[in-house]
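Take a look at the following structure, please.
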Amino acid sequence: MSRPAEPLPGQVAVISGGSRGLGRVLAERLLGEGWKVATFSRSSNEQVEQLQTKYPDDFLWESLDLGDRVALRKYVAAVARRFGGIDLLVNNAAVLNRQELFLTTSARQMDALINNNLSAPIALAQACARVMSTNNSGQIVNVSSINAIRGFRGVAVYSATKAGLDGFSRSLARELGPLNIRVNSVIPGFFDSDMTTEVTDQNRDRIQKRTPLGRLADIEEIADTVQFIISSKASFITGQTIVVDGGITC
Ligand SMILES: NC(=O)c1ccc[n+]([C@@H]2O[C@H](COP(=O)([O-])OP(=O)(O)OC[C@H]3O[C@@H](n4cnc5c(N)ncnc54)[C@H](OP(=O)(O)O)[C@@H]3O)[C@@H](O)[C@H]2O)c1
């Protein structure tokens, strides 16, 4: 039996948090390959405006908050209507507020982390998987973190959300496999983005020293891994956690 072909131009991706960081890099790459890309974030910026100008028909951005579950479902329905289906969800958006020791983390901060980083991706996955199931094909990539598999001070609740996402990926892969929907987690190590601007030089130095490859990841290397996992070259990979961290967790 031949392998599935590369995604046809015109396939539809939903990427949460595509205004900057990894989501923005992925959005631009997929648009360049002929995908239609729907993304959202709370606020727009110059990078979003550039993509809107360059891809007026294929790029859709909306202002949306992960915390608004009803709006998320309406958004997915609107994307499916506008583009005629959904082939890929990248659950990329997440928050890592100021690093905070567990004993002093407020209940509000904990709830926000769990809602944004775990409950919202699960809700998005359900809404998108329902659309994918009507087409009997699709893919979900959950962007996790090495905090899910190694302990770090100051990020206990964030780590819990990412570990939860990995467990979700595995079980969902079992359930959706028969519908020809693949589900995987990509687990990046540290890379430069707005999320990591608060990492002090001292911590950055420590991370680099503990990383066998001796540096932080380039954001493009994380995007390469996501692109591999959604390609036909990974057509038999599902339910896995793919670590891309320069070896810091080995
Ligand atoms: N950077 C790292 O070193 C690192 C390491 C491991 C894993 N990761 C994971 O990789 C993924 C991407 O990280 P990144 O560093 O590229 O992040 P980033 O630069 O901080 O970008 C996050 C994106 O998500 C959006 N977003 C955040 N909160 C949102 C909300 N409540 N509602 C809607 N959109 C929201 C942001 O836009 P708005 O703020 O305008 O809403 C932005 O578009 C995340 O899942 C992160 O946990 C990152």
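The values are calculated or read from the model by the stated rules, or taken from the named source; none is laboratory data. Please read all numbers here as calculations on a predicted model, not as lab measurements. Counting neighbours? That spans all protein chains shown, and the Cβs are built from the backbone with ideal geometry, glycine included.
Among the residues of region 82-126 satisfying the criterion of being surrounded by fewer than 21 Cβ atoms within 10 Å (Cβ to Cβ), of a type in the set (A, V, I, L, M) and more than 13 Å from the ligand (Cβ to nearest atom), which is nearest to residue 20 (Cα to Cα)?
Taking the candidates together, the pick is 122.
Starting from residues that are among the small types (Gly, Ala, Ser) and touching a Leu at 6+ places or on another chain (Cβ under 7 Å), keep the ones in region 26-44 and report whichever is farthest from the ligand (Cβ to nearest atom).
It comes out as 38.
If you scan region 86-125, which residues turn out to be among the hydroxyl-bearing types (Ser, Thr, Tyr) and within 15 Å of the chain's Cα centre (by Cα)?
If the condition is that a residue be among the hydroxyl-bearing types (Ser, Thr, Tyr) and within 15 Å of the chain's Cα centre (by Cα), then 119 is the only one that fits.
A further question follows. If residue 230 satisfies every condition in (1) in contact with a Pro (Cβ under 9 Å, 6 or more places away or on another chain); (2) at pLDDT below 95; (3) not acidic (Asp, Glu) but one, which is the exception?
The single condition residue 230 does not satisfy is (2).
Still on this structure: Please enumerate the residues belonging to region 31-55 that are in contact (Cβ under 8 Å) with a residue 24 or more places away in the chain and outside any strand (DSSP E or B).
Matches in region 31-55: 31, 33, 34, 35, 43, 44, 45, 47, 48, 51, 55.
Here's another thing I want to ask about it. Just checking: which of the strands (runs of 3 or more DSSP E) contained wholly in region 136-250 hold 2 or more residues that are away from the ligand (no atom under 16 Å from the Cβ) and not small (Gly, Ala, Ser)?
Output list reads 181-188.
So which of 193, 185, 232 ends up being touching a residue at least 12 places away in the same chain (Cβ under 8 Å) and exposed (fewer than 14 other Cβ atoms within 10 Å of the Cβ)?
So the residue among 193, 185, 232 that is touching a residue at least 12 places away in the same chain (Cβ under 8 Å) and exposed (fewer than 14 other Cβ atoms within 10 Å of the Cβ) is 232.
Report yes if some residue within region 56-66 is out of contact with any Gly (no Cβ under 7 Å at 6 or more places or on another chain), assigned to a helix (DSSP H, G or I) and either within 14 Å of the ligand (Cβ to nearest atom) or not aromatic (Phe, Trp, Tyr) (or both); otherwise report no.
no
If you go through region 135-157, how many residues are touching a residue at least 24 places away in the same chain (Cβ under 8 Å) and surrounded by fewer than 24 Cβ atoms within 10 Å (Cβ to Cβ)?
Just the residues of region 135-157 that are touching a residue at least 24 places away in the same chain (Cβ under 8 Å), to begin with: 135-146, 148-150, 153-157.
In the following step, the residues that additionally are surrounded by fewer than 24 Cβ atoms within 10 Å (Cβ to Cβ) were identified as 135-137, 146, 148-150, 153-157.
Within region 135-157, residues that are touching a residue at least 24 places away in the same chain (Cβ under 8 Å) and surrounded by fewer than 24 Cβ atoms within 10 Å (Cβ to Cβ) number 12.
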